[in-house]
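Notes for the one structure printed next.
The values are calculated or read from the model by the stated rules, or taken from the named source; none is laboratory data. Note that the structure is a prediction, hence the values are computed from the model and not measured. Counting neighbours? That spans all protein chains shown, and the Cβs are built from the backbone with ideal geometry, glycine included. Side chains included, ligands, DNA and RNA excluded: accessible areas come from the protein's heavy atoms. Shrake-Rupley method; radii C 1.70, N 1.55, O 1.52, S 1.80 Å.
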Amino acid sequence: MTEISVPTPEILAEPHVTCWDEAADVVIVGYGGAGASAAIEARRMGVDVLIVERASGGGGATGIAGGHVYLGGGTPVQIACGFEDTAEEMYKYLEALTPDPHPAKLRLYCEESVVHFHWLEAAGVPFERSYYPGKAAMQPGSECLIWSGNEKVWPFRDKAKPAPRGHKVALASGDAGSLLMQRLIATATGIGVRTLCDGQVVALIAEDDGTIIGVRVRRFDEMLNIRARAGVVLAAGGYIMNDKMFENELAWMPRDLIKHGTPYDDGSGIMLGVSAGGQAMRLDRAFLTSPFYPPENMIKGILVNAQGKRFVAEDCYHGRTAGFTVEQPGGIAYLILDSETFGYPPYEFFEQRLVDGWETVAEMEAGLGLPAGSLVATMERYNSDMRMGEDREFHKYGDWLKPLDAPPYAAFDLSLNRAKYAGFSLGGLKTSENAEVLDAADAPIPGLYAAGACAWNIAQDARGYSSGTCIGEATFFGRRAGRFAAGSVNVS
Ligand SMILES: Cc1cc2nc3c(=O)[nH]c(=O)nc-3n(C[C@H](O)[C@H](O)[C@H](O)COP(=O)(O)OP(=O)(O)OC[C@H]3O[C@@H](n4cnc5c(N)ncnc54)[C@H](O)[C@@H]3O)c2cc1C
């Protein structure tokens, strides 16, 4: 549990709430991926659902996201593209990469992944039966399946049979999450989910025994009390845009971070949960990245730190290489290439500067200001390994093995605070596998549920991140939150 460094709102006791302006069985705070999924599931159980959204319409960070959803265990796309996968292999993979795995949640997420795929499609979210074989942060077109994590990276390839599980929503753009949200919103609207936009939930309302029975909403210059007869679902996103939390909880992140999110990613869902006695988990955790590929030839280069030493397998998912870069002295990292692997990193806005080109490794070592002999020794060892066809130090996958011995050489600067990094928060409220918010004794707070970026589930840090786990868990546990909220209390 993490102490939250910002003030949390006062919880309002029911006796002081003298009138209700509105009521629904399930009230959902936030209309992103988690909120929409919760709403659809709850509404399909026959209850009255109201989403309160602070913006003028639904979407949230999900609506600007890349649109990868991490799914496996033999989805129709995996089968159509010729990949074998099982829930067990998916579980073993995610368990190996998650710092603080919750076995029951992970089991559910993996065992019900195929069902979740069908649920998304039935809700109108399209996925092509196609595969993108390249190594890239995001497929350029509408192709669906991609290796979006560390499945083929050592030691994970030995722990679980690798399979690609990144399923991109079928839109040929970098924000395919927009189509996912359009479709979920259309489905929710079509089945009668009600929405109150421009309404910011500022407090929870509780009975004397702590049961959550409503929310207080600021809407322009009005304050509204909204009764939730069966439960409140917090689906209000992350906290990367909260300056105080960025300063206090995420002090390890580069200060010039490209913050991925919407202006309303200010942690208010987490604060509301904490105000009711919920536990905030690992608010110091975040996703971080500065992808240096494609072109994928760059993966055949090596990453070295200020001591001229390698520190990570270069074929890792780009969030994992960033996670290791943070731990290097001074956050310094260079990507070293030779003339046969040279290319330019794909995204100019990450400002990964080409330092220079050199005829010899010794000149490059001096040019980068690395300790005498350090880079020369690293390259000698690496090239000798490559000639034997094996990376004995970091076990880079066979696809990426090549001696770096074709001058001239070049280096790109991937150091923190020199190159740009992007990221978003990953800590959140402690919840059960049924998305109930848990108090300090790990007991469910009656009437309170949470999912998505304001909860602590599958995506837990940059090193273990696989693209698609955020939208995957937001929609998956959002559905569970909606279902358990709708079913938890007798609906009048
Ligand atoms: C650029 C970008 C690319 C990404 N790409 C991917 C990807 O490809 N795959 C992946 O898995 N993840 C990706 N992510 C992360 C992922 O999008 C988020 O973690 C996930 O979508 C969060 O979903 P959510 O429903 O919890 O939050 P959101 O979608 O952000 O929804 C939260 C909603 O709550 C509203 N809200 C906030 N506070 C209140 C309040 N007090 N009262 C009422 N409403 C409130 C917000 O306005 C917002 O609409 C990406 C993120 C970004 C920003």
**OP:** Would you tally the net charge around Glu433, using a Cβ to Cβ cut-off of less than 10 Å, leaving Glu433 out, and scoring K and R as +1, D and E as -1?
**Re:** +2
Original post:
Quick one: which of Lys135/Lys161; Lys135/Lys159; Lys244/Lys420; Lys105/Lys244; Lys152/Lys244 span more than 28 angstrom between C-alpha atoms?
Top reply: Lys105/Lys244; Lys152/Lys244
**OP:** First compute the accessible area of the chain with a 1.4 Å probe, then give the percent of it belonging to carbon and sulfur atoms.
**Re:** 51 percent
Original post:
So what is the relative contact order of the chain, in percent, for Cα pairs below 8 Å that sit 6 or more residues apart?
Top reply: 24 percent
Original post:
Antiparallel as a % of all DSSP beta bridges within the chain, to the nearest 5?
Top reply: 60 percent
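Of the listed peptides 98-106, 228-236, what is their order by residue-averaged count of other C-beta atoms within 10 Å, with the highest listed first?
228-236, 98-106
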**OP:** With a Förster radius of 22 Å, plug the Cβ-Cβ distance of Tyr344 and Glu393 into 1/(1 + (r/R0)^6) and report the FRET value to the nearest 0.05.
**Re:** 0.25
**OP:** Mind checking the full-extension length gain between Arg353 and Glu88? Use 0.36 nm per residue of separation minus the Cα-Cα distance, one decimal, nm.
**Re:** 91.2 nm
Original post:
Using the beta-carbon distance between Ala186 and Glu112 and R0 = 22 Å, what value does 1/(1 + (r/R0)^6) give for FRET efficiency, to the nearest 0.05?
Top reply: 0.40
Original post:
What Kirkwood hydrodynamic radius do you get for region 1-153 when you take the inverse of the mean 1/r over all pairs of distinct Cα atoms, in Å?
Top reply: 18.8 Å
**OP:** Among Gly323, Ile458, Ile270, flag the residue with its Cα farthest along the positive direction of the charge dipole of the chain, charges on Cβ as +1 for Lys/Arg and -1 for Asp/Glu.
**Re:** Ile458
Subject >> Per-residue [θ]222 nm for the chain (sum of -39500 (n - 2.57) over DSSP H runs n ≥ 4, rounded to 500) >> reply: -8000 deg cm²/dmol
Original post:
For q = 0.13 Å⁻¹, what log10 I(q)/I(0) does the chain give under the Debye formula with an equal point scatterer on each alpha carbon and no solvent?
Top reply: -1.14
**OP:** For region 117-195, compute Rh as the Kirkwood radius over C-alpha pairs and then the Stokes-Einstein diffusion coefficient at 4 °C and 1.567 mPa s; write the answer in µm²/s, rounded to an integer.
**Re:** 92 µm²/s
Original post:
Among 435-448, 23-36, 211-224, how do they line up from the highest to the lowest mean number of other beta-carbon atoms within 10 Å?
Top reply: 23-36, 435-448, 211-224
Original post:
How much FRET efficiency would the formula 1/(1 + (r/R0)^6) give for Asn297 and Asp256, where r is the Cβ-Cβ distance and R0 is 30 Å, rounded to 0.05?
Top reply: 0.60
Original post:
If you take the charge dipole of the chain about its Cα centre, with +1 on Lys and Arg Cβ and -1 on Asp and Glu Cβ, which of Gly57, Ala206, Phe349 is farthest toward its positive end?
Top reply: Gly57
**OP:** Would you please classify the overall shape of region 291-413 from the alpha carbon gyration tensor, given that a ≥ b ≥ c denote the square roots of the eigenvalues, rounded means a/c under 1.5, and beyond that prolate means a/b larger than b/c while oblate covers the rest?
**Re:** rounded
Subject >> Cleavage-rule hits, chymotrypsin sites (Phe, Trp or Tyr not before Pro), region 364-422, DSSP coil, Cβ neighbours within 10 Å at most 14 >> reply: none
**OP:** Give a residue-ordered list of calculated ³J(HN,Hα) values for region 73-79 (Karplus: 6.51 cos²θ - 1.76 cosθ + 1.60, θ = phi - 60°; whole Hz; x for Gly, Pro).
**Re:** x, x, 6, x, 6, 4, 5
Original post:
Points 7 angstrom from Cα along the Cβ direction at Ser56 and Asp442: gap in nanometres?
Top reply: 4.7 nm
Subject >> Prolate/oblate/rounded label for region 51-126 (Cα gyration tensor, a/c 1.5) >> reply: oblate
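On full extension of the chain, what length is gained from Arg418 through Arg194, given 0.36 nm per residue of separation minus the C-alpha to C-alpha distance?
76.0 nm
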Subject >> Whole-Hz ³J(HN,Hα) from phi, Karplus 6.51 cos²θ - 1.76 cosθ + 1.60, for region 10-23, glycine and proline x >> reply: 5, 7, 9, 7, 3, x, 8, 9, 8, 9, 9, 8, 6, 8
**OP:** Measure off 7 Å from each Cα along the Cα-to-Cβ vector at Ser5 and Glu380, then give the distance between these two points in nanometres to one decimal.
**Re:** 4.6 nm
Subject >> Under Karplus coefficients 6.51, -1.76 and 1.60, residue-wise ³J(HN,Hα) of region 371-385 in Hz, glycine/proline x >> reply: x, 4, x, 5, 6, 4, 5, 4, 5, 4, 5, 4, 5, 5, 4
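Would you please classify the overall shape of region 363-492 from the alpha carbon gyration tensor, given that a ≥ b ≥ c denote the square roots of the eigenvalues, rounded means a/c under 1.5, and beyond that prolate means a/b larger than b/c while oblate covers the rest?
Working: a/c = 4.07, a/b = 3.04, b/c = 1.34.
Prolate shape, in that a/c is at least 1.5 and a/b is the bigger ratio.
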